[in-house]
Amino acid sequence: MWDDSLWDGYSLTQENDTDTDIKPDEDDSKSAEVFSRRVPPNASDPKSADSLIASQMAKLSVADREKVYMDVHAIPDDCVVETPELIQKSLRVLQHEIDILPDKKAYNIAERLSPKYTQDREFRLAFLRCEKFECQKAALRFVRHFQVKLDLFGQDMLTKDITQDDLDVDDMECLYLSNGRFLNAHDKAGRRINMIVMVQKTYRTVTVLRKGFYTLMTAYRDLEIQRRGFVTISIQFGDEINGTSADNADLVWKLPKLNEAVPLCLSATHLCYTKEAWDGMHAMIKTAFSKANQVRCRVHCGPILKCLEELRRHGIDPSYIPVNHKGEITDLAKDRKRIEQQRRQERLKYPTHSTIALPFCEDVLLGKGTPFQIHHGNKKLQQFVTDRFKKYERAQKKGEKKAVAQEIMDVVRGNGGLFLKQDGNKWAPVTDDVALMKVGALFRYLRLKNGTK
């Protein structure tokens with residue numbers, strides 16, 4: 001049953017309700033636009049943000065308040081029972097709701113480019129699950145998804161799954177910081193935990209948004225996340241905002257809005273920080289959230305261990321959060337391997353790209369000089385050649401040596417690697433013949449090195 005603790009300190013006095021200039025966006029329920037919505041004049045004012053949220057809470061029914069309380073405190077909720085009848089009916093109604101939406105430019109482009117992609121049954125079901133099969137809400141989220149994707153990646157990527165090979169160098173550097181990702185951990189309601197840690201590094205707004213979109217759209221493939229949603233823990237510890245992405249008001253306003261355009265339900269957000277210097281940023285975050293997410297946002301201020309301990313009463317074990325008492329991430333090496341494994345799986349699942357901004361560690365780079373020789377993929381290729389040198393030398397019949405070289409190429413590609421050459425400021429896969437020549441040249445070099453004929 002809902003009780004007064006739901007309000008968590010929010011004031012509903014008449015004074016607070018009238019002081020704010022922040023007004024809910026009345027077009028939220030209609031527009032496919034996400035990033036272009038105006039920033040309220042008092043978006044970074046903590047008092048105004050809290051008053052806005054209190055106003056939103058006051059409009060909720062008792063049942064809705066109780067649902068918010070359950071979500072914020074990780075009290076398990078029953079998932080929708082997905083009968084064949086419900087799924088069939090919901091998919092039909094979803095299409096109707098999409099059809100009657102007035103603002104769906106990006107969706108219409110995607111529909112023309114690839115109806116197979118936009119009408120994929122499992123893809124659409126993810127949006128329905130996110131909105132608990134409320135078809136009108138799912139339809140709006142669906143068309144917003146394509147609008148955001150068009151804004152961030154352009155028309156060519158509108159009907160393709162985003163992979164690491166689609167990201168540019170800055171995007172990949174931001175991804176490998178590991179400061180924003182889903183942990184292999186759940187709260188007491190069975191929801192995955194999404195961790196965001198502020199670091200002393202700044203990136204362009206589009207870089208962080210592209211990285212965030214990729215992270216969310218990779219996580220959505222988990223069926224349990226679709227059904228149960230996820231919870232975000234945002235951690236900012238330090239005295240200064242300068243030198244961090246929090247100093248970018250455009251990014252602070254836009255990043256929370258990604259949650260309105262992906263097939264994942266954000267069940268709760270916990271903002272953890274130490275200093276009042278972060279108050280303005282958190283006010284803007286809370287204001288930028290949709291109405292549903294605003295009332296599910298909670299703030300924890302104080303020393304890091306105190307903030308993390310407070311998460312216990314929200315169903316989150318603080319030992320799951322990989323940060324130390326200084327707010328530093330403690331599992332960077334482990335998470336880097338996770339990201340690499342993710343890229344390996346993408347390489348094996350999706351068609352090879354014509355160009356790549358940043359090579360994979362398993363790639364073989366064609367070129368001369370130390371940077372090429374010390375690249376991980378090149379060193380592994382050298383070891384493959386060394387291990388098969390005797391077999392290569394024993395091969396006498398026509399095609400046998402080529403078969404040994406082909407075997408090595410298959411091993412490289414089985415690990416997700418490609419043979420790449422520089423193409424301007426990018427990298428391009430070479431043909432099989434060129435790759436075979438590279439492997440053959442390494443065998444000949446090893447022969448000369450060993451002094452064999």
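The values are calculated or read from the model by the stated rules, or taken from the named source; none is laboratory data. Given the structure is predicted, the values throughout are model-derived calculations rather than measurements. Quick reminder, even Gly has a Cβ in these numbers, built from the backbone with ideal geometry, and neighbours come from all protein chains shown.
Here is how the numbers come out for the structure above:
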{"read-out": "Boolean, residue 180 is in the same structural domain as residue 301 (by TED's automatic domain parsing) and at positive phi", "value": "no"}
{"read-out": "Residue tally, condition out of contact with any helix residue (DSSP H, G or I) (no Cβ under 8 Å at 6 or more places or on another chain), in contact (Cβ under 8 Å) with a residue 40 or more places away in the chain and either exposed (fewer than 11 other Cβ atoms within 10 Å of the Cβ) or over 11 Å from residue 366 (Cα atoms) (or both), over segment 427-449", "value": "0"}
{"read-out": "Which numbered condition residue 335 fails, given (1) in contact (Cβ under 8 Å) with a residue 60 or more places away in the chain; (2) crowded, with 18+ Cβ neighbours inside 10 Å; (3) not assigned by TED's automatic domain parsing to the domain that holds residue 221", "value": "(3)"}
{"read-out": "Number of the condition not met by residue 97 [criteria: (1) surrounded by 14 or more Cβ atoms within 10 Å (Cβ to Cβ); (2) within 30 Å of residue 313 (Cβ to Cβ)]", "value": "(2)"}
{"read-out": "Matching entry among 54, 58, 49, 74 (being surrounded by fewer than 16 Cβ atoms within 10 Å (Cβ to Cβ), within 30 Å of residue 279 (Cα to Cα) and in contact (Cβ under 8 Å) with a residue 12 or more places away in the chain)", "value": "58"}
{"read-out": "Residue match in segment 403-412 (condition: loosely packed, with under 12 Cβ neighbours inside 10 Å and within 20 Å of residue 344 (Cα to Cα))", "value": "yes"}
{"read-out": "Top-ranked residue of segment 77-94 - restricted to ones that are charged (D, E, K, R) and surrounded by 14 or more Cβ atoms within 10 Å (Cβ to Cβ), ranked as modelled with the highest pLDDT", "value": "82"}
{"read-out": "Out of 54, 63, 74, sole residue that is under 26 Å from the mean Cα position of the chain (by Cα) and closer than 30 Å to residue 300 by Cα", "value": "74"}
{"read-out": "Matching option when the condition is over 30 Å from residue 70 (Cα atoms) and outside any loop (DSSP other than H, G, I, E, B), among 124, 141, 112, 129", "value": "112"}
{"read-out": "Residue in segment 324-344 that is among the hydroxyl-bearing types (Ser, Thr, Tyr), within 30 Å of residue 272 (Cα to Cα) and within 23 Å of the chain's Cα centre (by Cα) present", "value": "yes"}
{"read-out": "Subset of segment 128-160 [surrounded by fewer than 20 Cβ atoms within 10 Å (Cβ to Cβ), under 12 Å from residue 32 (Cα atoms) and either touching a residue at least 40 places away in the same chain (Cβ under 8 Å) or of a type in the set (Gly, Ala, Ser) (or both)]", "value": "150, 151"}
{"read-out": "Meets criteria (in a helix (DSSP H, G or I), under 30 Å from residue 206 (Cβ atoms) and at pLDDT 85 or above) for residue 56", "value": "yes"}
